[in-house]
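The values are calculated or read from the model by the stated rules, or taken from the named source; none is laboratory data. Treat the numbers as computed from the prediction; the structure is a model and nothing was measured. Using ideal geometry, Cβ is built from the backbone for each residue, glycine included, and neighbour counts are taken over all protein chains shown.
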Amino acid sequence: MNTEEILKGLYDETMVGNKPAVLELTQAGLDAGIAPETMLFEALIPSLEEVGARFERGDWFVPEMLIAGKAMAGALDLLRPLLAQTGVESVGTFVMGTVKGDVHDIGKNLVNIMLEGAGFTVIDLGVQVPPEKFIAAIEEHQPDIVGMSAFLTTTMPMFKANINALEKAGLRDKVVVMVGGAPVTQEYADVCGADGYAADAATAVRKAKEFVAARRAG
Amino acid sequence: MHTVLSSSRASITIGPDQPFCIIGERINPTGRKKFQEQLRENDLSAIEVDVAQQIEGGAMMLDVNMGAPLVDEAKLLGEAVTLVQSITDVPLCIDSSVVEALEAGLAAYEGKALVNSVTMERERIDLILPLVKRYGAAVIALPNDEEAIPEDPQRRLELAKRLVGIATEEFGIPIADIVVDPLAMPIGADHTLALKTMDAIHLISTEIGVNTTLGASNVSFGMPDRHTLNAVFIPMAMQAGLTSAIMDARTAQIVTAVKAADLMRGNDEWGANWIAAHRAKQAAAQTAEAAKA
């Protein structure tokens, strides 16, 4: 296989979520001397972007998005150490958690898989995450974005509480805050002082990338 | 086990030997942008359409949820309950995660309501179960605690057992007034989750003996042709022991599947309900035909 065939194979097999084939092709690419960042930026990420676009259009469905994300994450496990060596800038770092008082995590986990698939480094704090834990994680990992998930109208107010805590800790300007979850709306995100909201995992990834691009440009 | 809910003029019995209790899910602003905007303007008129469509579709109870962001949920839920009771006799399920809203809904309600819901979280238990007791209501119990929503059916059974134990022993709520929700998860996120729900329903209904309910439409989230998935999932859950569901009561495909399952499960004597529904459909078709001619 030549470089072009390997890159095309990576793109196609990632899109259909064929994890074993993606791993094999990633290894084949490394053996053939293709640069890790070439595989990442010219095959894997564009493939996941196409998956996200199809999902946002309503043509593709949650399981298809999930397996594509997982296939991509498998390739990244191989590539990440090499990318670090060559000093390739990561797509971005994302600290994620379900807010205090809330134990719902299916939607949050879906977003995590898609973010990892898109090349983000994701630090998942789990469920029932109190403000101090968000703050500690932000101080430790210095993420581009912190994501907060809430599934209940009673736990949504924790967004504001967390954002207040970030302000108090002097961290509010250092990180983009994104919020989401079933009852959350753009209006609510605006009122609670978040920077961004997304209704689904594909949109969350697209917006996260836009935020990182804006941060790096600014 | 029979769970009896009522309005001031009608009642319904949930139980394994009863036709499956269809609880309409529609009066809920989650994911309904226009309805949310209306609620922010204190406009409840959409509810009248929701009630009519669900009753027409076959709902035997209605869930009422006013959980929109940036509204006074307690005030709205009280008003919504009064409005719904002014246009239908079916008993209601009063649905909120806000304790004050549950209280306002219960205060406005005439009859014996079903409260949605309490979890195995001590703080929630101590706030919600006294309300349930005070208003003589029944309650939906969810088997999740402060730590997690467990996937494992055995763990869900354990949490449900503890919650039922606390409700009956500490708060004196009759076991017949506790309906456990064994938790429906989206099949699109993991294709093994529906079977876990089936196992949890079976364990909870046989080992605790309580009635059960599910937010059934969850199962098809993120998938195409949700109606068919819902229409298959609910009858399967019925065979595992499910006795009610908060579900899409406006889609004939789903409601008809439930009615067929009632018959197959021996809860529609001589198929009388099934045949009557057929006749009603025929009559409606003839009327429509005559109107055209």
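Below is a table of values for the structure above.
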{"quantity": "Residue list for the stretch B:250-275, filter: of a type in the set (Gly, Ala, Ser) and surrounded by 17 or more Cβ atoms within 10 Å (Cβ to Cβ)", "calculated": "B:Ala257, B:Ala261"}
{"quantity": "Within the stretch A:19-60, considering residues that are β-branched (Val, Ile, Thr) and more than 15 Å from A:Gly117 (Cα to Cα), the one surrounded by the most Cβ atoms within 10 Å (Cβ to Cβ)", "calculated": "A:Ile34"}
{"quantity": "Test: A:Met96 is among the aliphatic types (A, V, I, L, M), crowded, with 19+ Cβ neighbours inside 10 Å, in contact with an Asp or Glu (Cβ under 9 Å, 6 or more places away or on another chain) and modelled with pLDDT of 90 or more", "calculated": "yes"}
{"quantity": "Residue match in the stretch B:216-237 (condition: in contact (Cβ under 8 Å) with a residue 24 or more places away in the chain and farther than 27 Å from B:Gln53 by Cβ)", "calculated": "no"}
{"quantity": "Answer residue from the stretch B:92-139, given it is within 16 Å of B:Met61 (Cβ to Cβ) and part of a helix (DSSP H, G or I) and is nearest to the other protein chains (Cβ to nearest Cβ) among those", "calculated": "B:Gly105"}
{"quantity": "Complete set of residues in the stretch A:191-218 that are farther than 26 Å from B:Phe221 by Cβ and either in contact with a Lys or Arg (Cβ under 7 Å, 6 or more places away or on another chain) or in a loop (DSSP other than H, G, I, E, B) (or both)", "calculated": "A:Gly193, A:Asp195, A:Gly218"}
